[in-house]
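Here's the structure, in structure tokens; my notes come after.
Any read-out appearing in this document is the output of simple, stated calculations on the displayed coordinates, not a laboratory observation. The shown structure was predicted, so the numbers you read here are calculated from the model rather than taken from an experiment. Cβ: placed from backbone, ideal geometry, glycine included. Neighbour counts: every protein chain shown.
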């Protein structure tokens with residue numbers, strides 16, 4: 001019995017539905033407990049896993065060389081990295097902004113962005129290749145129809161007649177929104193989006209299916225309630241409030257995730273998330 005469907009975000013290609021459920025469920029139950037509600041057993045939860053769509057095939061020998069700044073493609077990949085850089089600099093004093101003087105050894109703007117992001121809370125400890133790979137997954141989702149379609153189909157297979165809540169993080173909120181719009185026959189669902197980039201115009205919002213009209217996106221028919229939760233320092237959720245773009249029925253809430261602003265676990269343990277989930281399950 002699947003009451004809650006979880007939809008992951010970027011950089012999950014080396015995991016699977018069981019490992020994600022194992023990582024998410026304790027945090028989700030912590031949020032429920034903080035809201036004064038009971039916890040969910042594992043059979044009540046399923047994961048719409050699509051990370052393997054981005055996993056590169058194996059190679060003989062030493063494998064493919066790691067990605068570096070020269071591999072960043074112009075357009076969406078480049079623009080995403082620069083927007084994350086600006087957002088991280090705005091939120092964290094330790095991250096040098098685009099206006100800061102560039103070092104002689106890193107004259108290229110993309111390299112400067114990667115260097116700066118390595119000091120941010122979200123990308124701390126990640127290699128350049130991982131940061132580029134994250135932007136590449138977003139680009140591939142929007143430019144490769146087969147990837148976009150397959151991700152939506154994974155979610156559609158996870159939703160059952162008993163499903164009442166979809167919890168979607170990061171790029172997963174885009175997958176969830178588009179799948180909900182594509183399945184108007186689903187009914188009475190609550191959508192909880194965490195660290196969502198849905199309202200980022202020019203990069204995400206304008207690429208959605210169905211296409212927004214006159215600056216407004218279509219309301220997903222199956223959704224009776226939509227709660228959007230964002231940390232003020234989340235560099236991926238560049239636009240924290242979705243209501244201006246998706247309608248006043250969206251309830252936008254702010255949380256403080258500490259140093260790991262985009263990490264799904266503090267989003268799930270937040271009392272606000274627990275309350276939204278508890279009310280939907282009730």
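Seen against the Cα atoms of the chain and their longest principal axis, helix 76-91 is set at about 80 degrees. In terms of packing, defined here as the mean over residues of other Cβ atoms within 10 angstrom, the peptides 162-169, 235-242 line up highest first as 162-169, 235-242.
Note on residue 68 and residue 211: with the Förster distance fixed at 35 Å, the Cβ-Cβ geometry gives a FRET efficiency of about 0.55. This structure gives semi-axes √(5λ) of the Cα gyration tensor in Å, computed directly, and of (i) 27, 25, 16; (ii) 30, 20, 19; (iii) 36, 20, 15 that value is listed as (ii).
Expressed as an acute angle from 0 to 90° and rounded to the nearest 10, what is the orientation of the C-alpha long axis of helix 17-34 relative to the principal long axis of the chain? Here the helix axis deviates by roughly 70 degrees.
Of the beta bridges in the chain, as assigned by DSSP with both residues counted there, near 5 percent are antiparallel. Sorted on the mean count of surrounding Cβ atoms within 10 Å across their residues, most packed first, peptides 206-219, 137-150, 24-37, 260-273 read 260-273, 24-37, 137-150, 206-219. With respect to the chain, whose longest principal axis is taken over its alpha-carbon atoms, helix 171-182 is tilted by about 50°.
The range 175-235 and the range 151-165 have Cα centres lying 16 Å from one another.
Sequence-distant contacts, meaning Cα pairs under 8 Å at least 6 residues apart, place the relative contact order of the chain at 25 percent.
Each peptide among 245-254, 223-232 gets the average number of other Cβ atoms lying within 10 Å of its residues, and from highest to lowest they stand as 223-232, 245-254.
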